[in-house]
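Encoded as structure tokens, the structure appears first; notes follow it.
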């Protein structure tokens, strides 16, 4: 359920990033393409780094970091129209794309081995179902003001980060090492 909420809120805003760049900053397709490419470069690099963090300090710590960096990137999107700052923000936004594989890792680490595939597929189905409704709501919100969907994710991400670090998630997705005798 937690990840369904995460993906719902991220997909309220994500489909409108390109439109925001066009509507608010008047960017042309070439520059938007550059920003998109930089975002996926960030995703590739953050996936390795956040994976290592997840292995060392726990999957939900990595999820928390991805949420907070994603929130920061959306904040930079709305505050700065400078192309070079948008490049940096797009790179940071790549961290938010790592949430999907982190969901699989987090759910897989707490699922019983015999039903791990079912647990992961049900969590992914729930996240996808929540995501399918989000762009419609995001469009309604965007129509009222292009900034509003961004403000929503900027405000919700820190709350979700705190929830990720609470007791229900503690210990279950942490790496445990055998004790030495």
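A short reminder: the numbers here are calculations on the coordinates, not readings from a lab. No experiment lies behind these values; they were computed from the predicted model shown. Every residue, glycine among them, receives a Cβ derived from its backbone with ideal geometry; neighbour counts consider all protein chains shown.
Checked against the criterion of being outside any helix (DSSP H, G or I) and surrounded by 15 or more Cβ atoms within 10 Å (Cβ to Cβ), the stretch 30-49 has no qualifying residue.
All of (1) surrounded by 16 or more Cβ atoms within 10 Å (Cβ to Cβ); (2) assigned to a helix (DSSP H, G or I); (3) touching a residue at least 24 places away in the same chain (Cβ under 8 Å) hold for residue 27 with one exception: (2).
On the stretch given as the stretch 120-159, residues that are in contact with a helix residue (DSSP H, G or I) (Cβ under 9 Å, 6 or more places away or on another chain), in a helix (DSSP H, G or I) and within 22 Å of residue 79 (Cα to Cα) total 15. Evaluating residue 61 against the criteria (1) over 28 Å from residue 31 (Cβ atoms); (2) surrounded by fewer than 22 Cβ atoms within 10 Å (Cβ to Cβ); (3) free of Cβ contacts under 8 Å to residues at least 60 places away in the same chain leaves one unmet condition, (3). Scanning the stretch 1-21 for residues that are under 17 Å from residue 146 (Cα atoms) and surrounded by fewer than 16 Cβ atoms within 10 Å (Cβ to Cβ) yields a total of 2.
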